[in-house]
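This report refers to the structure that appears directly beneath it.
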Amino acid sequence: MQLHALTEHLAFATALALLSAAVVRLMIAFPILDQPNARSAHSNPTPRGGGLGVVVAFVAGMLVLFLTARFARIADTQFLGVILAAVAIAAVALADDVRALSARLRLAAQCGAALVVVGSGLVVSRLALPYIGVTDLGVLGVVLTLIWIVGCTNAVNFMDGLDGLVGGTLLLAGLALALVAALQGGWFVYAAALFLAAGFAGFLPFNLHPARIFMGDVGSQFAGFMFATLAVVASRFDGQQVSFLIVPLLLFGLLFDAAFTLARRAVMRERLTEGHRTHLYQLAQRSGMPTRAVAATHWGFVVFHAGLALAFLAMNPAAKPLEVLPALAVQLAWLAYVLRRMRRAGLGWR
(Lines give C-alpha, C1' and ligand atoms only; values in the text may rest on other atoms or scores of the structure.)
Protein backbone atom coordinates (compact mmCIF):
# COMPACT_ATOMS: atom_id res chain seq x y z
CA MET A 1 0.00 0.00 0.00
CA GLN A 2 1.35 3.41 -0.95
CA LEU A 3 1.97 6.03 1.72
CA HIS A 4 -0.49 8.57 0.30
CA ALA A 5 -3.23 5.92 0.20
CA LEU A 6 -2.55 4.96 3.82
CA THR A 7 -2.67 8.64 4.80
CA GLU A 8 -6.04 9.03 3.09
CA HIS A 9 -7.40 5.92 4.78
CA LEU A 10 -6.27 7.09 8.23
CA ALA A 11 -7.76 10.55 7.62
CA PHE A 12 -11.08 8.98 6.65
CA ALA A 13 -10.93 6.68 9.70
CA THR A 14 -10.33 9.74 11.89
CA ALA A 15 -13.43 11.39 10.43
CA LEU A 16 -15.43 8.23 11.20
CA ALA A 17 -14.09 8.22 14.77
CA LEU A 18 -15.27 11.82 15.20
CA LEU A 19 -18.68 10.85 13.80
CA SER A 20 -18.87 7.98 16.27
CA ALA A 21 -17.92 10.30 19.15
CA ALA A 22 -20.63 12.78 18.10
CA VAL A 23 -23.29 10.06 18.17
CA VAL A 24 -22.04 8.85 21.56
CA ARG A 25 -22.31 12.40 22.91
CA LEU A 26 -25.92 12.51 21.71
CA MET A 27 -26.62 9.23 23.47
CA ILE A 28 -25.22 10.75 26.67
CA ALA A 29 -27.27 13.93 26.25
CA PHE A 30 -30.47 11.96 25.53
CA PRO A 31 -29.81 8.82 27.53
CA ILE A 32 -31.23 5.35 27.70
CA LEU A 33 -30.44 4.76 31.36
CA ASP A 34 -29.02 1.50 32.64
CA GLN A 35 -30.27 1.08 36.21
CA PRO A 36 -27.83 -0.81 38.46
CA ASN A 37 -28.92 -4.13 39.95
CA ALA A 38 -27.35 -7.00 41.86
CA ARG A 39 -25.47 -8.18 38.75
CA SER A 40 -24.10 -4.76 37.77
CA ALA A 41 -20.52 -3.58 38.13
CA HIS A 42 -21.73 0.05 38.40
CA SER A 43 -23.60 1.69 41.28
CA ASN A 44 -25.18 4.73 39.57
CA PRO A 45 -27.66 4.95 36.67
CA THR A 46 -25.53 5.21 33.53
CA PRO A 47 -26.50 5.81 29.88
CA ARG A 48 -26.22 2.87 27.53
CA GLY A 49 -26.49 2.45 23.78
CA GLY A 50 -23.16 4.15 23.06
CA GLY A 51 -22.42 1.42 20.57
CA LEU A 52 -24.79 3.20 18.20
CA GLY A 53 -21.83 5.47 17.43
CA VAL A 54 -19.88 2.45 16.22
CA VAL A 55 -22.80 1.34 14.06
CA VAL A 56 -23.31 4.76 12.46
CA ALA A 57 -19.59 5.23 11.76
CA PHE A 58 -19.26 1.76 10.28
CA VAL A 59 -22.32 2.04 8.05
CA ALA A 60 -21.20 5.47 6.84
CA GLY A 61 -17.78 4.07 5.99
CA MET A 62 -19.22 1.07 4.16
CA LEU A 63 -21.58 3.32 2.16
CA VAL A 64 -18.62 5.38 0.94
CA LEU A 65 -16.70 2.17 0.23
CA PHE A 66 -19.59 0.73 -1.79
CA LEU A 67 -19.94 3.89 -3.89
CA THR A 68 -16.28 4.71 -4.51
CA ALA A 69 -13.85 1.83 -3.97
CA ARG A 70 -14.42 -1.13 -6.25
CA PHE A 71 -11.02 -2.59 -5.37
CA ALA A 72 -12.36 -3.33 -1.87
CA ARG A 73 -15.66 -4.82 -2.98
CA ILE A 74 -16.88 -8.36 -2.66
CA ALA A 75 -19.89 -9.52 -4.70
CA ASP A 76 -22.73 -7.01 -4.39
CA THR A 77 -25.18 -9.55 -2.97
CA GLN A 78 -22.67 -10.47 -0.28
CA PHE A 79 -21.66 -6.86 0.40
CA LEU A 80 -25.23 -5.62 0.75
CA GLY A 81 -26.40 -8.78 2.52
CA VAL A 82 -23.75 -8.47 5.21
CA ILE A 83 -24.40 -4.77 5.82
CA LEU A 84 -28.19 -5.09 5.88
CA ALA A 85 -28.00 -8.09 8.22
CA ALA A 86 -25.66 -6.17 10.54
CA VAL A 87 -28.00 -3.16 10.55
CA ALA A 88 -30.93 -5.46 11.35
CA ILE A 89 -28.98 -6.95 14.26
CA ALA A 90 -28.21 -3.44 15.52
CA ALA A 91 -31.84 -2.30 15.20
CA VAL A 92 -33.19 -5.23 17.22
CA ALA A 93 -30.41 -4.78 19.80
CA LEU A 94 -31.15 -1.05 20.13
CA ALA A 95 -34.80 -1.89 20.71
CA ASP A 96 -33.64 -4.32 23.40
CA ASP A 97 -31.59 -1.52 25.02
CA VAL A 98 -34.70 0.70 25.08
CA ARG A 99 -37.10 -1.97 26.21
CA ALA A 100 -35.93 -5.46 27.09
CA LEU A 101 -36.94 -7.98 24.45
CA SER A 102 -37.33 -11.71 24.95
CA ALA A 103 -34.29 -13.92 24.55
CA ARG A 104 -36.12 -15.85 21.85
CA LEU A 105 -36.68 -12.75 19.74
CA ARG A 106 -33.04 -11.70 20.07
CA LEU A 107 -31.85 -15.18 19.11
CA ALA A 108 -34.25 -15.30 16.17
CA ALA A 109 -32.86 -12.00 14.88
CA GLN A 110 -29.30 -13.29 15.20
CA CYS A 111 -30.12 -16.53 13.41
CA GLY A 112 -31.91 -14.63 10.65
CA ALA A 113 -28.92 -12.36 10.14
CA ALA A 114 -26.56 -15.36 10.09
CA LEU A 115 -28.76 -17.04 7.49
CA VAL A 116 -28.51 -13.95 5.29
CA VAL A 117 -24.72 -14.18 5.40
CA VAL A 118 -24.71 -17.88 4.59
CA GLY A 119 -27.41 -17.40 1.94
CA SER A 120 -25.23 -14.82 0.20
CA GLY A 121 -22.56 -17.48 -0.25
CA LEU A 122 -20.20 -16.65 2.62
CA VAL A 123 -19.45 -20.08 4.09
CA VAL A 124 -16.33 -21.78 5.42
CA SER A 125 -16.33 -24.80 3.13
CA ARG A 126 -12.93 -26.35 3.91
CA LEU A 127 -10.24 -26.24 6.56
CA ALA A 128 -6.66 -27.47 6.87
CA LEU A 129 -6.45 -29.65 9.98
CA PRO A 130 -3.24 -30.71 11.76
CA TYR A 131 -2.02 -34.18 10.70
CA ILE A 132 -5.06 -34.55 8.40
CA GLY A 133 -4.67 -31.86 5.76
CA VAL A 134 -7.32 -29.96 3.81
CA THR A 135 -10.80 -31.26 4.61
CA ASP A 136 -13.93 -30.37 2.67
CA LEU A 137 -16.68 -29.64 5.16
CA GLY A 138 -19.70 -29.96 2.87
CA VAL A 139 -23.01 -29.28 4.61
CA LEU A 140 -21.17 -29.25 7.92
CA GLY A 141 -19.50 -26.05 6.75
CA VAL A 142 -22.87 -24.29 6.58
CA VAL A 143 -23.81 -25.51 10.06
CA LEU A 144 -20.47 -24.53 11.57
CA THR A 145 -20.63 -21.08 9.93
CA LEU A 146 -24.08 -20.45 11.40
CA ILE A 147 -23.01 -21.65 14.85
CA TRP A 148 -19.87 -19.51 14.68
CA ILE A 149 -21.70 -16.31 13.73
CA VAL A 150 -24.43 -16.69 16.36
CA GLY A 151 -21.94 -17.88 18.98
CA CYS A 152 -19.48 -15.04 18.42
CA THR A 153 -22.31 -12.48 18.43
CA ASN A 154 -23.43 -13.67 21.85
CA ALA A 155 -19.93 -14.17 23.25
CA VAL A 156 -19.01 -10.53 22.64
CA ASN A 157 -22.37 -9.45 24.05
CA PHE A 158 -21.93 -11.54 27.21
CA MET A 159 -18.45 -10.13 27.82
CA ASP A 160 -19.53 -6.49 27.72
CA GLY A 161 -19.90 -5.94 31.45
CA LEU A 162 -16.88 -3.93 32.57
CA ASP A 163 -15.78 -0.40 31.69
CA GLY A 164 -13.51 -0.33 28.67
CA LEU A 165 -12.89 -4.07 28.46
CA VAL A 166 -14.76 -4.99 25.28
CA GLY A 167 -14.47 -1.56 23.67
CA GLY A 168 -10.68 -1.55 23.99
CA THR A 169 -10.41 -5.19 22.98
CA LEU A 170 -12.40 -4.64 19.78
CA LEU A 171 -10.52 -1.45 18.93
CA LEU A 172 -7.20 -3.31 19.07
CA ALA A 173 -8.62 -6.38 17.32
CA GLY A 174 -9.95 -4.19 14.51
CA LEU A 175 -6.57 -2.53 14.01
CA ALA A 176 -4.78 -5.89 14.07
CA LEU A 177 -7.24 -7.41 11.60
CA ALA A 178 -6.87 -4.41 9.28
CA LEU A 179 -3.08 -4.86 9.32
CA VAL A 180 -3.28 -8.61 8.63
CA ALA A 181 -5.84 -8.09 5.85
CA ALA A 182 -3.68 -5.41 4.22
CA LEU A 183 -0.69 -7.77 4.23
CA GLN A 184 -2.88 -10.43 2.61
CA GLY A 185 -4.46 -8.08 0.07
CA GLY A 186 -7.93 -8.64 1.54
CA TRP A 187 -9.17 -5.11 0.99
CA PHE A 188 -12.81 -5.60 2.00
CA VAL A 189 -11.74 -7.06 5.35
CA TYR A 190 -9.11 -4.32 5.68
CA ALA A 191 -11.65 -1.54 5.15
CA ALA A 192 -14.36 -3.10 7.33
CA ALA A 193 -11.93 -3.76 10.19
CA LEU A 194 -10.54 -0.22 9.93
CA PHE A 195 -14.06 1.24 10.06
CA LEU A 196 -14.91 -0.86 13.11
CA ALA A 197 -11.71 0.27 14.81
CA ALA A 198 -12.56 3.89 13.98
CA GLY A 199 -16.01 3.50 15.50
CA PHE A 200 -14.56 2.11 18.72
CA ALA A 201 -11.89 4.82 18.79
CA GLY A 202 -14.72 7.37 18.97
CA PHE A 203 -16.61 5.39 21.60
CA LEU A 204 -13.86 4.17 23.95
CA PRO A 205 -12.91 7.52 25.60
CA PHE A 206 -16.45 7.73 26.96
CA ASN A 207 -16.40 4.12 28.17
CA LEU A 208 -13.14 4.11 30.12
CA HIS A 209 -13.51 3.68 33.88
CA PRO A 210 -15.49 5.35 35.32
CA ALA A 211 -17.66 5.01 32.23
CA ARG A 212 -19.87 7.89 31.11
CA ILE A 213 -21.82 5.50 28.85
CA PHE A 214 -22.04 1.78 28.15
CA MET A 215 -21.92 0.13 24.75
CA GLY A 216 -25.26 -1.61 25.13
CA ASP A 217 -26.47 -4.54 23.05
CA VAL A 218 -26.61 -2.32 19.97
CA GLY A 219 -22.82 -2.12 19.99
CA SER A 220 -21.80 -5.50 21.37
CA GLN A 221 -24.13 -7.64 19.23
CA PHE A 222 -23.38 -5.61 16.10
CA ALA A 223 -19.62 -5.85 16.65
CA GLY A 224 -19.74 -9.55 17.50
CA PHE A 225 -21.74 -10.23 14.34
CA MET A 226 -19.42 -8.17 12.13
CA PHE A 227 -16.21 -9.71 13.48
CA ALA A 228 -17.72 -13.18 13.07
CA THR A 229 -18.68 -12.40 9.47
CA LEU A 230 -15.27 -10.92 8.70
CA ALA A 231 -13.73 -14.19 9.90
CA VAL A 232 -15.71 -16.00 7.20
CA VAL A 233 -14.67 -13.47 4.55
CA ALA A 234 -11.04 -13.72 5.73
CA SER A 235 -11.12 -17.47 5.13
CA ARG A 236 -10.69 -16.58 1.45
CA PHE A 237 -7.18 -15.30 2.10
CA ASP A 238 -5.92 -18.79 1.23
CA GLY A 239 -7.17 -21.83 -0.62
CA GLN A 240 -7.34 -23.94 2.53
CA GLN A 241 -9.57 -21.32 4.22
CA VAL A 242 -7.51 -21.73 7.39
CA SER A 243 -7.28 -17.93 7.57
CA PHE A 244 -10.76 -18.15 9.08
CA LEU A 245 -8.89 -18.69 12.35
CA ILE A 246 -7.38 -15.18 12.39
CA VAL A 247 -10.43 -13.48 13.94
CA PRO A 248 -11.06 -16.19 16.58
CA LEU A 249 -7.37 -15.89 17.47
CA LEU A 250 -7.62 -12.11 17.91
CA LEU A 251 -10.78 -12.44 20.03
CA PHE A 252 -9.56 -15.50 21.94
CA GLY A 253 -9.61 -13.77 25.33
CA LEU A 254 -13.31 -12.94 24.99
CA LEU A 255 -14.22 -16.29 23.44
CA PHE A 256 -12.39 -18.34 26.09
CA ASP A 257 -14.05 -16.54 28.99
CA ALA A 258 -17.51 -16.81 27.41
CA ALA A 259 -17.09 -20.49 26.50
CA PHE A 260 -15.56 -21.48 29.84
CA THR A 261 -18.29 -19.69 31.78
CA LEU A 262 -21.06 -21.21 29.67
CA ALA A 263 -19.63 -24.72 30.05
CA ARG A 264 -19.09 -24.32 33.80
CA ARG A 265 -22.63 -23.07 34.36
CA ALA A 266 -24.03 -25.92 32.28
CA VAL A 267 -22.08 -28.47 34.34
CA MET A 268 -23.31 -26.81 37.54
CA ARG A 269 -26.88 -26.96 36.15
CA GLU A 270 -27.47 -23.25 36.39
CA ARG A 271 -30.07 -21.56 34.21
CA LEU A 272 -28.06 -20.38 31.24
CA THR A 273 -30.47 -17.55 30.40
CA GLU A 274 -30.28 -16.13 33.92
CA GLY A 275 -28.06 -13.11 34.61
CA HIS A 276 -24.94 -13.63 36.70
CA ARG A 277 -21.59 -12.12 37.72
CA THR A 278 -19.34 -15.15 37.32
CA HIS A 279 -17.41 -14.51 34.13
CA LEU A 280 -13.69 -14.67 34.83
CA TYR A 281 -13.29 -10.94 34.27
CA GLN A 282 -16.14 -10.27 36.73
CA LEU A 283 -14.66 -12.57 39.35
CA ALA A 284 -11.27 -10.90 38.92
CA GLN A 285 -12.85 -7.50 39.52
CA ARG A 286 -14.95 -8.75 42.44
CA SER A 287 -11.81 -10.23 44.03
CA GLY A 288 -10.32 -6.76 44.26
CA MET A 289 -8.45 -6.40 40.97
CA PRO A 290 -8.95 -2.81 39.74
CA THR A 291 -11.37 -2.38 36.85
CA ARG A 292 -8.72 -0.66 34.73
CA ALA A 293 -6.29 -3.52 35.36
CA VAL A 294 -8.82 -6.17 34.28
CA ALA A 295 -9.58 -4.23 31.09
CA ALA A 296 -5.87 -3.67 30.41
CA THR A 297 -5.21 -7.38 30.86
CA HIS A 298 -7.68 -8.19 28.10
CA TRP A 299 -6.13 -5.53 25.90
CA GLY A 300 -2.78 -7.23 26.51
CA PHE A 301 -4.30 -10.52 25.36
CA VAL A 302 -5.21 -8.92 22.02
CA VAL A 303 -1.71 -7.50 21.53
CA PHE A 304 -0.24 -10.96 22.19
CA HIS A 305 -2.76 -12.60 19.87
CA ALA A 306 -2.01 -10.03 17.17
CA GLY A 307 1.62 -11.13 17.30
CA LEU A 308 0.47 -14.73 16.90
CA ALA A 309 -1.72 -13.72 13.95
CA LEU A 310 1.25 -12.10 12.19
CA ALA A 311 3.35 -15.22 12.78
CA PHE A 312 0.36 -17.26 11.56
CA LEU A 313 0.74 -15.79 8.06
CA ALA A 314 4.17 -17.36 7.53
CA MET A 315 3.31 -20.83 8.84
CA ASN A 316 2.61 -24.02 6.91
CA PRO A 317 -1.20 -24.29 6.44
CA ALA A 318 -1.39 -27.67 8.18
CA ALA A 319 0.37 -26.26 11.26
CA LYS A 320 -1.57 -22.98 11.46
CA PRO A 321 -4.36 -24.33 13.71
CA LEU A 322 -1.66 -25.05 16.32
CA GLU A 323 -1.30 -21.28 16.78
CA VAL A 324 -4.23 -21.49 19.18
CA LEU A 325 -2.10 -23.40 21.70
CA PRO A 326 -0.05 -20.43 22.97
CA ALA A 327 -3.26 -18.39 23.22
CA LEU A 328 -4.90 -21.22 25.16
CA ALA A 329 -1.88 -21.47 27.49
CA VAL A 330 -2.20 -17.76 28.33
CA GLN A 331 -5.91 -18.11 29.06
CA LEU A 332 -5.31 -21.12 31.30
CA ALA A 333 -2.73 -19.08 33.20
CA TRP A 334 -5.30 -16.27 33.53
CA LEU A 335 -7.86 -18.80 34.81
CA ALA A 336 -5.39 -20.07 37.41
CA TYR A 337 -4.64 -16.50 38.51
CA VAL A 338 -8.33 -15.64 38.88
CA LEU A 339 -8.94 -18.86 40.84
CA ARG A 340 -6.16 -17.94 43.25
CA ARG A 341 -7.63 -14.47 43.75
CA MET A 342 -11.08 -16.01 44.29
CA ARG A 343 -9.78 -18.29 47.04
CA ARG A 344 -8.04 -15.42 48.79
CA ALA A 345 -11.19 -13.29 48.60
CA GLY A 346 -13.49 -16.13 49.68
CA LEU A 347 -15.49 -16.02 46.42
CA GLY A 348 -17.40 -18.97 44.98
CA TRP A 349 -18.75 -19.65 41.51
CA ARG A 350 -22.22 -18.40 42.30
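The values are calculated or read from the model by the stated rules, or taken from the named source; none is laboratory data. All values reported here derive from a predicted model rather than from experimental measurement. FYI the Cβ positions are ideal-geometry reconstructions off the backbone, even for glycines, and counts take in every protein chain you see. Side chains included, ligands, DNA and RNA excluded: accessible areas come from the protein's heavy atoms. Shrake-Rupley method; radii C 1.70, N 1.55, O 1.52, S 1.80 Å.
Annotations
- Taking the numbered list (1) at pLDDT below 95; (2) farther than 15 Å from PHE206 by Cα in turn, ALA15 passes all entries but (1).
- The residue that is modelled with the lowest pLDDT, among those in region 126-153 that are under 22 Å from the mean Cα position of the chain (by Cα) and among the small types (Gly, Ala, Ser), is GLY141.
- Residue in region 224-235 that is closer than 23 Å to GLN331 by Cβ, of a type outside the set (A, V, I, L, M), open to solvent by 10 Å² or more (accessible area, probe 1.4 Å) and in contact with a helix residue (DSSP H, G or I) (Cβ under 8 Å, 6 or more places away or on another chain) present: no
Residues are listed down the side, and each one gets a yes or a no for (1) of a type in the set (Asp, Glu); (2) within 30 Å of ARG350 (Cβ to Cβ); (3) assigned to a helix (DSSP H, G or I):
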residue	(1), (2), (3)
PHE188	no, no, yes
GLY219	no, yes, yes
ALA223	no, yes, yes
ARG236	no, no, yes
PHE260	no, yes, yes
THR273	no, yes, no
ALA284	no, yes, yes
GLY288	no, yes, no
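- Taking the criterion of being surrounded by 15 or more Cβ atoms within 10 Å (Cβ to Cβ), without any contact (Cβ under 8 Å) to a residue 60 or more places away in the chain and over 13 Å from LEU172 (Cβ atoms), the residues of region 288-321 that qualify are MET289, LEU308.
- Condition met for VAL124 (in a loop (DSSP other than H, G, I, E, B), out of contact with any Leu (no Cβ under 6 Å at 6 or more places or on another chain) and open to solvent by less than 20 Å² (accessible area, probe 1.4 Å)): yes
- Looking across region 327-348, the residues that are more than 17 Å from ASP257 (Cβ to Cβ) and either β-branched (Val, Ile, Thr) or in contact with a helix residue (DSSP H, G or I) (Cβ under 8 Å, 6 or more places away or on another chain) (or both) come down to ALA345, GLY348.
- Some residue of region 277-287 being touching a residue at least 60 places away in the same chain (Cβ under 8 Å) and more than 16 Å from LEU335 (Cα to Cα): no
- Condition check for LEU140: open to solvent by 40 Å² or more (accessible area, probe 1.4 Å), without any contact (Cβ under 8 Å) to a residue 24 or more places away in the chain, under 23 Å from PHE237 (Cα atoms) and not in a loop (DSSP other than H, G, I, E, B): yes
- Residue within region 49-68 that is at positive phi and not in a helix (DSSP H, G or I) present: yes
- Flag for LEU172 being open to solvent by 10 Å² or more (accessible area, probe 1.4 Å), at negative phi and out of contact with any Pro (no Cβ under 8 Å at 6 or more places or on another chain): yes
- Criterion: of a type in the set (Gly, Ala, Ser) and either more than 27 Å from VAL87 (Cβ to Cβ) or part of a helix (DSSP H, G or I) (or both) - qualifying residue of ALA211, ALA193: ALA193
- Pick from region 181-190, criterion aliphatic (A, V, I, L, M) and either surrounded by fewer than 24 Cβ atoms within 10 Å (Cβ to Cβ) or modelled with pLDDT of 95 or more (or both), ranking: nearest to MET62 (Cα to Cα): ALA182
- Pairs are defined by a Cβ separation below 6 Å, a sequence spacing of at least 6 or placement on different chains, a first member in region 337-350 that is touching a residue at least 60 places away in the same chain (Cβ under 8 Å), and a second member that is surrounded by 13 or more Cβ atoms within 10 Å (Cβ to Cβ) and of a type in the set (Val, Ile, Thr); the pairs so defined are TRP349/THR278.
- When region 191-215 is filtered for residues that are more than 25 Å from THR145 (Cβ to Cβ) and open to solvent by 10 Å² or more (accessible area, probe 1.4 Å), the ones remaining, listed by number, are ALA201, LEU204, PRO205, PHE206, LEU208, HIS209, PRO210, ALA211, ARG212, PHE214.
- Any pair with Cβ under 6 angstrom, 6 or more apart, that starts in region 98-118 at a residue that is assigned to a helix (DSSP H, G or I) and ends at one that is among the basic types (Lys, Arg): none
- Residue in region 277-295 that is closer than 16 Å to ASP257 by Cα, of a type outside the set (S, T, N, Q) and over 22 Å from the mean Cα position of the chain (by Cα) present: yes
- Considering the conditions (1) open to solvent by 10 Å² or more (accessible area, probe 1.4 Å); (2) hydrophobic (A, V, I, L, M, F, W, C); (3) touching a Gly at 6+ places or on another chain (Cβ under 8 Å), CYS152 is excluded by exactly one of them, (1).
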